[in-house]
Structures are given as structure tokens and as C-alpha cells.
Amino acid sequence: MEQLGYIKLHRKILENPIMLRPNYLAVWVYILLKANHKKAYLIWNNKKTTISRGSFIGSIKKISTELNVSYGSVRNILKYLKVEQQIDIKSSNKFTLFKVLNYDKYQGVDNKVITKRQQSDTNKNDKNKKNKNSKSKDLQKPIIKELKKENPITQVIDIFYQESKNNRLFSNITQRKATEDMIKAFGIDKVTEYAKYAVKCLGKEFKIQASTPLKLQQKMGEIKAKYEQEKIEKKSEYQPLCTIVKEGKLYEEYLDPNGVKKLRLKK
């Protein structure tokens, strides 16, 4: 059954570790979107069976195909969600019944009048019905983007992730603890600067190497000193004095490190 409309996403999800694992989050949101918002019926084992609100019929293979996540990964994610008592699963030789536990608690119907904006959103969903086979990786991006804004630890780890593409950095307790300690000691802005500098230096000769938050923490003294030194050197390359016009072009007059006045074409 095609599901229309919208679901509620409680802010409590920010406290759930699946927020740090894109594939886990994608599978969970997919299940919420597929769950029936009202009762449905089918014949199962030659008997009329009620598919309750918060449940739906599906398969691991279908989830894997629609989310572009490997079959094995989806199976492990579903096991995790079941252990965490977020879902229940009942299988037959033809299909699987998925049930979202505590569905009514988080997807309860409000007694408020639906606003025009909500109606507009529903209409948009109706029009987008034909796009149901679109890759859900595109749908993950805005969610992960918002997560980085909310979580400074994830924001720093993502700098290293963009270089290594290692998803395990997000959930590794040691890496997260190192990042948290650095943020407490230097502040998020400085740690972000040092992390970007460390990643930029990777693979360069005579540069201090740090490919993970933990390595950055271990080499923080050296990296911090080198970064600040290069900032000072960059600022002291010249001291701008004024802008002048010469032959119809703008030039900047400046003092070089030796105190000599020079001109250069202003960009």
C-alpha cells in the first residue's frame, strides 16, 4: 500500500546513536514512512489477518534495493532495531511483517486542525508518488547536515570522514572522546581550524600528519604551534599601506618583511 502524507520525527532521536550511522538512520526512517497509519487487512496462511497501525508488509531485499544498502547491512540493522525494542519482526516464507513499537506514542494523532501548510505538504507528497524509486541516499543528506549543526563532535569528526570516508569514526567511542576533550580544552572553532589544517597536511612532505581525531589530540601541541606560526608568517608577508591608481589600474602599496615599500596589482 502506497503511504501518503507525513510522519512525526521526535527530537528525542538526536539522543539515539543511530543518528551517527547514516545507514541505520535511513532504515529506521524508511520503516517509519512505510508503516500503516491505519488498519489494513490481508490473507496470511489462509486466514484474514489484520495489519495493525504502525505495521507493514515488506522484505529485507526490498529495503536493500530501495535504500541502496547491502542486504547484509540491512539484516544487521534490523537485528539491532529489534534488540533495542524499536521494532518487532515476524517472517514467513513469502514476506515479513514489520511492526514499529510505541508507534502511537510518537505518531499519535493530534486533535488540532491541520494547517494549510500541512495540507500543502500532503499535496506535494501525492504529486511525488511517481518518484518512489529514487535513491534514498539523497534523502539522507539533509538529515545528516542538520545533525552536524546540532552536534559539534560530529561536526569535527566529519572533517576527517570527508578525507577517509570511514563511517566508523562517527561511532568509535575513543575518537568521540578525543574530540570531546579537545573541544572542552580549545573550543569548537579552534578545534575545527586545527582539524582542517591537519587534514590539509595529509600526504605532504615535512608536514605533521593526523588522520583521525585521536591522532590530532596526540599531536595537538605540534599541530597547534605549526598552524599558529604559519598564520603569523602569512600575515607578516606584507603590510598594506594604501591603494593607488596607476595607468588606469588599481595597485596596492605595501611593506615587505624587510620594510621596503612595494606595489602589486590589486585583485
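The values are calculated or read from the model by the stated rules, or taken from the named source; none is laboratory data. Just so we're clear, the structure is a prediction, and the values are computed from it rather than from any experiment. Here Cβ is always computed from backbone atoms with ideal geometry, including for glycine, and neighbour counts include all displayed protein chains.
A few remarks follow.
- Where a residue in region 36-57 is touching a residue at least 24 places away in the same chain (Cβ under 8 Å) and on the phi > 0 side of the Ramachandran plot and its partner, wherever it lies, is loosely packed, with under 15 Cβ neighbours inside 10 Å and charged (D, E, K, R), with Cβ under 9 Å and at least six apart: G54/D104
- In the set (1) outside any helix (DSSP H, G or I); (2) at pLDDT 55 or above, the condition left unmet by K135 is number (2).
- Remark: pairs (first residue in region 71-82, assigned by TED's automatic domain parsing to the domain that holds L20 and aromatic (F, W, Y); second residue surrounded by fewer than 16 Cβ atoms within 10 Å (Cβ to Cβ) and assigned to a helix (DSSP H, G or I); Cβ separation under 7 Å; 6+ apart in sequence or on different chains) = Y71/K61.
- Within region 57-72, not a single residue is under 17 Å from N102 (Cα atoms) and surrounded by 13 or more Cβ atoms within 10 Å (Cβ to Cβ).
- Selection over region 9-46 of residues that are touching an Asp or Glu at 6+ places or on another chain (Cβ under 9 Å) and more than 21 Å from R75 (Cα to Cα) gives a count of 1.
- The set of residues in region 200-217 being free of Cβ contacts under 8 Å to residues at least 24 places away in the same chain and part of a helix (DSSP H, G or I) consists of K200, C201, K215.
- In region 28-54, residue surrounded by the most Cβ atoms within 10 Å (Cβ to Cβ) [restricted to those that are of a type in the set (D, E, K, R) and not in a strand (DSSP E or B)]: K34
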